[in-house]
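Input: a single structure, listed below in structure tokens.
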Amino acid sequence: MTHMTIPEKGSSRETVLSNLKSMKSGDADWHSGQLFGLIYEAGQKVEKLVREAASLFLIENGLSPLTFPSLLKMENEVVSMVLSLMEGDDHTVGCTTSGGTESIFMAIKAARDWARQEKPQIKNPQMVVPVTAHPAWNKAAHYLGIDIVMTPVDDCFRADTTAMKDAIDENTIILGATAVTYPHGMVDPIPAIGTLAEEYNLWLHVDGCLGGLMLPFLRKLDYDIPAYDFRVPGVKSISADVHKYAYTPKGISTVLYRNSDLRKFQFFMYTEWPGGVYGTPSLAGGRPGSAIAAAWGVMHYLGEEGFLQLARDARSATEKLMQGIANTPPLYVLGEPDATVFAFGGKDVNIYELSARLKDCGWHAEAQHLPASLHMTVSPIHSTIVDDFLKDLGKSVVDLPASDAQDISEMAAMYGMIGTMTDRKVAREFALDYLDDLYRLKKP
Ligand SMILES: Cc1ncc(COP(=O)(O)O)c(C=O)c1O
């Protein structure tokens, strides 16, 4: 038989739950703060609250605001609170989506349809985006039929605005910027990019998926945070994820617009369907009520005071980790990260081997390439593990092989290989085969 079939007979509730729990045992232990990415952990109390809030609306469907007006109310309130954080005014509006990728997708779709109206002469629209932007931009460009030109970043890993300006041509409709970038944790020079957007009448979308729910609190705590939000005149839309630094389970982000005329370009409406008039604000049809309730719940549970404390904890852990890494030669932090995300490399040593050794001690600092580095997304929970991590780091860094050594771990080999492949087509084929293999049921 080629495929697994649904078991002929069901199992008891106890058996199912026990099997699920035992499957979990091989997963990363994120409760202990050993994961630097994927999960944004603010401690047991916050987790308990979001679990309870989500379970109250686990089955409800956000597709129908008239059937579940509670979800509509919560959604509008969540968006409004994020708009306040982004310094929105009486005209700014937004929507929730399933995550950062969908928010970016929606903003780019809105921008494309805006350009169809504003710049009908453009038949092959193009966007200009720094190389450090999240691949969700490339995915959206691919799906939406927009060319994407990737521009370099400067020596501090922030968008090079001169390169962006040079890349603008008669087909350009969108400029992209990020606050904060995933690979290195930087805020791009958004005021300068905003000026370009105004000069050329382009749509500037700011990807605040990662930093959107962290930067406003760091600013209130008097950290020097560059402008990135609706205070920058050229910004037309911003994405900000609740399921990152608002500590909710996955499934909720926001996409915000300077006014509702711009947001209308996002909406979809079909009036001829026998099932009735069908309109949705975003890509999804049915939407989980649980994600909306968790978002609403966490905002009311933490309040500004709670968010400020968590931002303080996360930034202070980030500073201690960066300092400890800088004091561990040959390791160094890439640039001067603005918030709670950073990367570190190793001068002339194989940093991927370090990642493998850290993994042996239980730490997940994932490998990145171009340039070779390890990724650190820091959550409030990490304030409890700084010393333990630095101790294991100190041990693991001893006698690292040189960056060109052959005898390195499998992961090192894979990242090293992809990172150094000059033929990107080969790298792409390699990664596609890997993905194809990953999503296949393995025979026991
Ligand atoms: C800067 C940035 N933008 C967008 C995304 C995509 O978000 P999601 O994984 O929720 O789709 C991420 C994810 O890490 C990100 O860091």
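The values are calculated or read from the model by the stated rules, or taken from the named source; none is laboratory data. All values derive from a computational prediction rather than experimental measurement. Here the Cβ positions follow ideal geometry from the backbone for every residue, glycine too, while neighbour counts run over all protein chains shown. Side chains included, ligands, DNA and RNA excluded: accessible areas come from the protein's heavy atoms. Shrake-Rupley method; radii C 1.70, N 1.55, O 1.52, S 1.80 Å.
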message = With a cap of 12 neighbouring Cβ atoms within 10 Å, and only residues DSSP puts in a loop, list the trypsin sites (Lys or Arg not before Pro) found in region 1-35.
response = Lys9
ask   = Taking springs between alpha-carbon atoms closer than 10 angstrom, which of Gly346, Gly94, Gly279 fluctuates most in the Gaussian network model of the chain?
value = Gly279
Region 2-127: Rg to Rh, with Rh as the Kirkwood radius over Cα pairs = 1.09
request  = Given the peptides 285-296, 266-277, arrange them by the average over their residues of other C-beta atoms within 10 Å, most packed first.
outcome  = 285-296, 266-277
ask   = Using the heavy atoms of the protein chains alone and a 1.4 angstrom probe, what is the accessible area of the chain per residue in square angstrom?
value = 50 Å²
task = Over 21 Å between C-alpha atoms is what I'm after, so list which of Lys45/Lys73; Lys139/Lys347; Lys320/Lys395; Lys244/Lys264; Lys45/Lys359 land there.
result = Lys45/Lys73; Lys139/Lys347; Lys244/Lys264; Lys45/Lys359
task = Determine how many Å³ per residue the convex hull of the Cα atoms of region 61-119 encloses.
result = 119 Å³
note = Toy charge model, Lys and Arg Cβ at +1, Asp and Glu Cβ at -1: region 197-284 dipole around Cα centroid in debye, rounded to 20, equals 240 debye
request  = Using a 10 angstrom cutoff on alpha carbons, build the Gaussian network for the chain and name the most mobile of Leu334, Leu38, Leu63.
outcome  = Leu38
request  = Could you look at the chain and say what percent of its accessible area is carbon and sulfur, using a 1.4 Å probe and all protein chains?
outcome  = 56 percent
message = For the chain, set up a GNM with springs between Cα atoms under 10 Å and report which of Val50, Val128, Val426 has the largest fluctuation.
response = Val426
inquiry  = As an exercise, identify the trypsin sites (Lys or Arg not before Pro) in region 73-130 lying in DSSP coil whose Cβ has no more than 13 other Cβ atoms within 10 Å.
reply    = Lys123
query = How big is region 202-342 in terms of Cα radius of gyration and Dmax, in angstroms?
reply = 19.0, 67
query = Considering the alpha-carbon set of region 54-298 alone, what are its Rg and its Dmax in angstrom?
reply = 17.5, 57
note = One point scatterer per Cα, no solvent, Debye formula: log10 I(q)/I(0) for region 315-437 at q = 0.09, 0.16, 0.18 Å⁻¹ comes out as -0.26, -0.78, -0.95
Region 101-229, Rg to Rh (Cα coordinates; Rh as Kirkwood inverse mean 1/r) = 0.96
task = State the extension gain, in nm to one decimal, for the chain segment bounded by Ala402 and Leu441, taking 0.36 nm per residue of separation less the distance between their alpha-carbons.
result = 10.3 nm
ask   = To the nearest 20 debye, what is the magnitude of the charge dipole of the chain about its Cα centre, counting +1 on the Cβ of each Lys and Arg and -1 on the Cβ of each Asp and Glu?
value = 1160 debye
request  = Return the inverse of the average 1/r over all pairs of distinct C-alpha atoms in the chain, which is the Kirkwood hydrodynamic radius, in Å to one decimal.
outcome  = 23.4 Å
ask   = For region 285-330, what value does the Rg/Rh ratio take when both radii are computed over Cα atoms and Rh is the Kirkwood radius, given to two decimals?
value = 1.30
inquiry  = Compute the distance from the alpha-carbon center of region 7-44 to that of region 255-274, in whole Å.
reply    = 38 Å
